[in-house]
Amino acid sequence: MEGWRGAWYVPCLASLETLQELCRKENLTCKSIGITTRSLKSYEVEYLCDYKVEEGTEYYLVKWKGWPESSNTWEPQKNLKCPLLLQNFLSDKNEYLSRGREGKALKVRNHVKALSPAVADYIVKKAKQRIALQRWKEELNRKKNHKAMILVENTVDLEGPPLDFYYINEYKPAPGINVINGITTGCECTDCPAEKCCPKEAGFILAYNKQKKLKIQPGLPIYECNSFCRCGPDCPNRIVQKGTPYSLCIFRTNNGRGWGVKTLQKIKTNSFVMEYVGEVITSEEAERRGQLYDNQGNTYLFDLDYDSDEFTVDAARYGNVSHFVNHSCDPNLQVFNVFIDNLDLRLPRIALFSTRTIKAGEELTFDYQMKGSIDLTSDSADGLSPSRKRIRTVCKCGAVCCRGYLN
C-alpha cells in the first residue's frame, strides 16, 4: 500500500469493506481495493445497487468507490453523471426479468415504488462480478509475457474469477525437477535454416515454412533455435518461444462446460496459438493428485509422454489461458512437442497449433484424448485417464462426430 507509516498492517483475510475502512482511517491509498488519493478526497460512483420512485422523483442507491457498503446513499438520478453504470443497471435488471424470475420489477411499499429485493440483489451481484472480472483481466494482462491481450467475459451466470488459480507463463517445476538441462550451444546460422540449424542437428526437419506456419505432421517434434543461437529474434525458427500472437477471451460457456476460450482474431491453418503450462510433477505425484481431483470432479493433468511417462504437467492451480480450453471430439487445435532451451526428451514443451482456419469469435478446443493429453479436463467437462477405473463422463462438445464420452 502507498502511504505506509510505521508498523501498520491488516489481517490477510480481512474483507474488502474492512480494508477500505482501515485505509480511510489511516489515510492510506491502495489502488487494488479502490482507495486512491482522489477517492480519499471525493466521491465516485462504483456501481448502482437499488432503485425507487418517491414523490415522483427517481432515486438510485449508490455504492461509492473506495467506501464500504455501510456508506451507500440514495441519490436522485439528476445528480448522477455515470451513463455507463446506469446502462449496466438497466441491462442487469432487464436480463433478470427476461428470465421469468419476477412478474414486475417495481412494487409499492409504504407508498414508495421500490425495486423488488430479488431484482436488486441480482443487480448488486452482477455489479460485483463485473468488477471482479475486470480486476482479474487486469491481473492476467499484467502477468502475461506476450503482446496479445487477454479478455474475460461472463454473460451467462454469476460465476466470478477462479479462487485458486495463478497465472504463469512457463513450467513451474516441483522441487527436485529441473526443466533446464544445461544446454550451452546453439546454431551458428546467420540466416536460418541452414544445414547445421537446430532441427537438423537433432535429426529432424525445420517445423515451419517461410510464412512461419507449421509444415510437419502431428507426432513429429519441433526443435526451435535457443538462447545460445547466433540468429536474432526475427529468426523464422522462433515461434512458440514468443508466446501467443492472438488476443484471446476467457468466456463462460452457456451449455454447462464452465469456462472456455475463444479467439478475437482470425487464425490461419497450422498457426501457433498457445502453450500448455503448469506445474511439472512426477507421474507418481500425478497419480496421487489424480485421486484427490477425482473426488472434486475435475483435474488438469497432462502426461508428458513423448519419450517416457516420467513427468506430468498439472495446470489445476498454476497455468495460463490454456487452462480454460475445452475438449472437443472435432477440435481446431492440435498438440505438438517442442524443444528449445531444454533438450531433455522427458520434458517437452506442449504447444497447440490450429488444424484449420479459425474465425474471430470461435471457441478454441482440442481433443483431450490426443497423445500426451490423456488426463486433462476443464472445470465442468471431465476428461478421465483410462489408466484409472472411473465413472465414464458424458462429453458435451456437441460435435457431429462426438464419441459420447470423454474417457
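At-a-glance table
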read-out	value
Test: residue in the stretch 180-191 that is surrounded by 11 or more Cβ atoms within 10 Å (Cβ to Cβ), over 30 Å from Lys125 (Cβ atoms) and within 28 Å of the chain's Cα centre (by Cα)	yes
Inter-residue pairs, beta-carbon under 9 Å, first charged (D, E, K, R) and in the stretch 269-282, second part of a strand (DSSP E or B) and open to solvent by 20 Å² or more (accessible area, probe 1.4 Å), 6+ apart	Glu275/Arg349; Glu279/Lys172; Glu279/Pro173; Glu279/Tyr318
Residue count, the stretch 62-72 (criterion: out of contact with any Lys or Arg (no Cβ under 6 Å at 6 or more places or on another chain), open to solvent by less than 50 Å² (accessible area, probe 1.4 Å) and either without any contact (Cβ under 8 Å) to a residue 40 or more places away in the chain or over 22 Å from Ile35 (Cβ atoms) (or both))	3
Restricting the stretch 335-360 to residues that are touching a Leu at 6+ places or on another chain (Cβ under 7 Å) and open to solvent by 20 Å² or more (accessible area, probe 1.4 Å), the residue that is farthest from Phe251 (Cα to Cα)	Arg346
All strands (runs of 3 or more DSSP E) inside the stretch 205-293 with 3 or more residues being within 25 Å of His327 (Cβ to Cβ) and open to solvent by less than 20 Å² (accessible area, probe 1.4 Å)	248-252, 259-263, 272-276
Which numbered condition Lys147 fails, given (1) over 30 Å from Asp92 (Cα atoms); (2) of a type in the set (D, E, K, R); (3) at pLDDT 95 or above	(3)
Out of Val124, Val108, Val119, sole residue that is over 30 Å from the mean Cα position of the chain (by Cα) and outside the structural domain of Asn254 (by the TED database)	Val108
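The values are calculated or read from the model by the stated rules, or taken from the named source; none is laboratory data. Small disclaimer: the values here were computed from a predicted structure and weren't measured. Reconstructed Cβ throughout: ideal geometry from the backbone, glycine too, with neighbour counts over all protein chains shown. Heads up: the accessible areas ignore ligands, DNA and RNA and are worked out on the full protein's heavy atoms, side chains in. Shrake-Rupley method; radii C 1.70, N 1.55, O 1.52, S 1.80 Å.
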